[in-house]
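See below for the structure under consideration.
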Amino acid sequence: MKRWLALGLCALLMFAPIGSAARAMEYVDYDWELSADEKVMRDAGFIEVHQANGLIWVKLMYGTTDNIAGYDLYGDLKRAYLHPSAALALGRAQRLLYAQDSTLALCVKDAARPLRVQQALWDALPDPSLRGYLANPKTGSLHNYGIAVDVTLVNARTGEELDMGCPVDTLDAISQPRYEQKFLKEGKLTQQQLDNRLLLRSVMTQAGFQTIPNEWWHFQTMNRAQAKQASTLIP
Ligand SMILES: [Zn+2]
């Protein structure tokens with residue numbers, strides 16, 4: 001009897017559509033591993049960025065010790081989530097980039113960010129004069145609404161980041177697109193570094209993102225008033 005059962009199971013496995021089995025396993029695995037933050041984000045209708053495009057790299061900087069706070073602020077939040085307007089735009093940007101240069105990929109350094117992390121970052125800034133680079137947690141950042149994404153370009157195969165003149169989250173004028181031409185003339189930014197920034201900006205804006213004048217890596221799909229209407233603040 002047991003042998004017939006085993007044979008029956010083998011036959012089932014042999015003839016079961018591979019795609020549906022893989023999807024079912026993925027679904028179980030995915031739900032099982034959700035952190036508390038991810039549950040809140042999914043309840044808010046946010047989308048994990050790989051659902052929008054599987055070629056995007058994700059290296060959440062606040063989930064490492066290599067960030068402006070100097071410690072891991074994310075704990076078990078390992079995946080990047082965004083409001084659908086930003087997630088779908090990011091998927092479009094990755095497709096545009098692939099069409100232009102398939103050796104490159106987008107790499108998300110930060111996406112939806114809980115408000116408690118915003119407060120921790122605010123408190124960790126070494127100098128209050130640097131607060132111009134960060135939204136006050138009292139009003140909240142567009143990252144807290146899942147509307148903004150911090151992103152750079154990487155080698156699609158190795159994940160190595162392209163040289164953009166300075167790393168993401170450099171709290172210095174060299175980060176600011178509004179001074180790029182000045183820094184280029186002064187030799188503080190090379191043409192290749194500027195071209196890398198321009199390529200990123202080109203695919204992101206074509207995909208529907210807005211830029212800001214003081215961070216080359218930050219993109220958003222709407223302003224604060226629109227975000228308050230359309231999205232949810234992640235606590
Ligand atoms: Zn940002």
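The values are calculated or read from the model by the stated rules, or taken from the named source; none is laboratory data. The shown structure was predicted, so the numbers you read here are calculated from the model rather than taken from an experiment. Every residue, glycine as well, gets a Cβ built from its backbone with ideal geometry; the counts of neighbours run over all protein chains shown. Please note that ligands, DNA and RNA were not included when accessible areas were found on the heavy atoms of the full protein model with its side chains. Shrake-Rupley method; radii C 1.70, N 1.55, O 1.52, S 1.80 Å.
Quick notes on this structure:
- Consider segment 140-149 and keep the residues that are buried (at least 21 other Cβ atoms within 10 Å of the Cβ) and in a loop (DSSP other than H, G, I, E, B). The one that is nearest to the ligand (Cβ to nearest atom) is Ser141.
Matching residues to (1) within 15 Å of the ligand (Cβ to nearest atom); (2) modelled with pLDDT of 95 or more; (3) of a type outside the set (Val, Ile, Thr); (4) open to solvent by 30 Å² or more (accessible area, probe 1.4 Å):
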position	(1), (2), (3), (4)
Ala89	yes, yes, yes, no
Leu106	yes, yes, yes, no
Arg113	yes, yes, yes, no
Trp122	yes, no, yes, yes
Asp127	no, no, yes, yes
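- Where helices (runs of 4 or more DSSP H) fall wholly inside segment 179-233, the ranges with 2 or more residues that are closer than 21 Å to Ile147 by Cα and in contact (Cβ under 8 Å) with a residue 12 or more places away in the chain are 191-206, 224-230.
- The lone exception for Met61 - which of (1) open to solvent by 30 Å² or more (accessible area, probe 1.4 Å); (2) at pLDDT 65 or above it fails: (1)
- Segment 196-226: number of residues that are within 13 Å of the ligand (Cβ to nearest atom) and within 17 Å of the chain's Cα centre (by Cα): 12
- For Thr152: the one exception among (1) more than 24 Å from Leu77 (Cβ to Cβ); (2) within 14 Å of the ligand (Cβ to nearest atom); (3) outside any loop (DSSP other than H, G, I, E, B): (1)
- Flag if Ala230 is within 16 Å of the ligand (Cβ to nearest atom) and either in contact with a helix residue (DSSP H, G or I) (Cβ under 8 Å, 6 or more places away or on another chain) or more than 17 Å from Ala87 (Cβ to Cβ) (or both): no
- Complete set of residues in segment 175-200 that are of a type outside the set (Phe, Trp, Tyr) and open to solvent by 50 Å² or more (accessible area, probe 1.4 Å): Arg178, Gln181, Lys182, Lys185, Glu186, Gly187, Lys188, Thr190, Gln191, Gln192, Asp195, Leu198
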